[in-house]
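FYI, it's all coordinate maths here, none of it is from the lab. No experiment lies behind these values; they were computed from the predicted model shown. Positions of Cβ are backbone-derived with ideal geometry, glycine not excepted, and every protein chain shown enters the neighbour counts.
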Ligand SMILES: [Fe+2]
């Protein structure tokens, strides 16, 4: 391309950006991007636009790019787009990418924690715990192939977050079955994960709820489900429904699970999936016991619960947990004190301020599975510094 043409293209693009053409803005908003900017390479037909859903993630030019970026390809005048959204690996890759192999395998967005799934020894009691006690609803459930037994039931936290409750398959042990993250493109994610050497299923199929989903295992063996919500699925048809005021919380801020080896977990969640470490904490100042990793394209996080020796069943029930966010834990504690905790559940703890400086209480279902109820803000409004201690590691 001649230098003058190139410069005028850049000028056109800059003008177009300054004016934020309506079509471009709308399209970027459609794909969930609220921050976008133009940079990188240009050719005769396309300019490369980089979109990120949140500020602070945009890393500058293409050569310094991180996986997981959303890409819009616009015509040079930036008014008509030829392609917008995540570049899919199965589609012809425009020439423009050939110079930049780093962007060939692009990770689709991971926007939040979609659900956590637990086994229970007493379905009825766990149902009562989540509905009668914590005030959520159970909008749908699935039966086993025999048509008589329950396969699993769904507790709705909000339109995009659920707790799945499964009748136990083995007595005792680890009650957490899996957790799930939401992506905007499960099939592109499957191919992306495969390109990183992660074992994935052969296809992306719809589950019985009508959403696209599949399981992958992290290097420590924890099942991480990938979910893409689909139109006309059970959850889609339930949007806006079954969210009564009785719910103690409207948001599951994190799911916590046992992690024997932090380095292995980070190699998967951070290096491949793009999670960002936001905090690490220590119970005793000697060893790091908790590491929080935020999803790359949203606010939710996972809490890696580190340990060093074979945990007891009680300790597993506490480590594998969900956290419900509330504005005022004292109000929640008062509300819960008036409700019936199902028989056999450990009493809800007194309110305390955690090492993370956030007020919290802990509730337990019949199995000892912990539901943490915590405020989003610290008591003094300032962030809690991260621990620099050595992370705990499980030595079998
Ligand atoms: Fe937690």
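A compact table of results
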quantity	calculated
Residue under evaluation residue 307, criteria (1) closer than 23 Å to residue 119 by Cα; (2) within 15 Å of the ligand (Cβ to nearest atom); (3) surrounded by fewer than 17 Cβ atoms within 10 Å (Cβ to Cβ), criterion not met	(3)
Tally of residues being more than 16 Å from the ligand (Cβ to nearest atom) and in a strand (DSSP E or B) across region 254-279	1
Of the criteria (1) touching a helix residue (DSSP H, G or I) at 6+ places or on another chain (Cβ under 6 Å); (2) within 14 Å of the ligand (Cβ to nearest atom), which one residue 300 fails	(1)
Matching residues in region 204-215 - criterion: being assigned to a strand (DSSP E or B) and surrounded by fewer than 19 Cβ atoms within 10 Å (Cβ to Cβ)	205, 206, 215
Qualifying residue in region 267-279 (condition: within 18 Å of residue 370 (Cα to Cα), surrounded by fewer than 21 Cβ atoms within 10 Å (Cβ to Cβ) and in contact with a strand residue (DSSP E or B) (Cβ under 7 Å, 6 or more places away or on another chain))	no
When residues of region 310-332 are limited to those that are in a loop (DSSP other than H, G, I, E, B) and surrounded by fewer than 19 Cβ atoms within 10 Å (Cβ to Cβ), the one farthest from the ligand (Cβ to nearest atom)	310
Selection from region 143-163 of residues that are out of contact with any helix residue (DSSP H, G or I) (no Cβ under 9 Å at 6 or more places or on another chain) and surrounded by fewer than 23 Cβ atoms within 10 Å (Cβ to Cβ)	143, 144, 145, 146, 147, 148, 149, 151, 152, 158
Residue 293 being assigned to a strand (DSSP E or B), touching a helix residue (DSSP H, G or I) at 6+ places or on another chain (Cβ under 9 Å) and away from the ligand (no atom under 12 Å from the Cβ)	yes
Filter result for residue 282 (without any contact (Cβ under 8 Å) to a residue 60 or more places away in the chain, within 16 Å of the ligand (Cβ to nearest atom) and under 23 Å from residue 376 (Cα atoms))	no
Some residue of region 242-250 being touching a helix residue (DSSP H, G or I) at 6+ places or on another chain (Cβ under 6 Å) and either touching a residue at least 24 places away in the same chain (Cβ under 8 Å) or not in a strand (DSSP E or B) (or both)	yes
Among residues of region 238-266, those that are surrounded by 14 or more Cβ atoms within 10 Å (Cβ to Cβ) and over 19 Å from residue 135 (Cβ atoms), counted	12
